[in-house]
Amino acid sequence: MATYKVKSQGVEYTVSVVDKATGGGTVTIDGREFHVECTGGEASPAVSPPPVTSASGAIATAPAPSAPAAVPVASVGDGAIVAPIPGKIISIHVKVGDSVSAKQVVLKLEAMKMENDIASPVSGIVKEIAVSEGSETSAGQLLMTIG
């Protein structure tokens, strides 16, 4: 297993990759597990980087998931929720004026035939909803503002 710290749009994630001899594997991103299969192209041998270690010298590993984790979102400003990936809004769980807590799922975004829970990065009141159910989004697009 290889463990990486990666950063996308200012948000850091812990990513673990386990290769299987069959050409597939398991990818874990901040506790959320994905089973992957390699198709097409030519497989290359796995290269294991040095393990990620904490300041105390302990090897860092992804925590065991207790429940499906919401997709982390990049924040444009305090309380701004933006689409982490392009997709389609399939449901919105809050309305303007609702009170939300940090890490509360506020909408579902479908991308690549997968439903992704999008969570609020902060606690506060929903000030603006910039999308509607069924609308297509691009990566980095403003979805909602929490104030």
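The values are calculated or read from the model by the stated rules, or taken from the named source; none is laboratory data. These numbers come from a predicted model, not from an experiment. Every residue, glycine as well, gets a Cβ built from its backbone with ideal geometry; the counts of neighbours run over all protein chains shown.
Below, the figures for the structure above:
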| quantity | calculated |
| --- | --- |
| Residue count for the range 114-140, restricted to those that are more than 16 Å from the chain's Cα centre (by Cα) and hydrophobic (A, V, I, L, M, F, W, C) | 5 |
| Members of the range 92-111 that are within 18 Å of I29 (Cα to Cα) and touching a residue at least 24 places away in the same chain (Cβ under 8 Å) | K103, V105, L109, A111 |
| The range 1-51: number of residues that are in a loop (DSSP other than H, G, I, E, B) and either over 30 Å from A80 (Cα atoms) or modelled with pLDDT under 65 (or both) | 19 |
| Flag if I81 is of a type in the set (A, V, I, L, M) and assigned to a strand (DSSP E or B) | yes |
| Residue count for the range 96-147, restricted to those that are under 19 Å from P86 (Cβ atoms) and of a type in the set (S, T, Y) | 4 |
| Residues of the range 102-139 satisfying the condition of being exposed (fewer than 14 other Cβ atoms within 10 Å of the Cβ), hydrophobic (A, V, I, L, M, F, W, C) and in a loop (DSSP other than H, G, I, E, B) | A102, M112 |
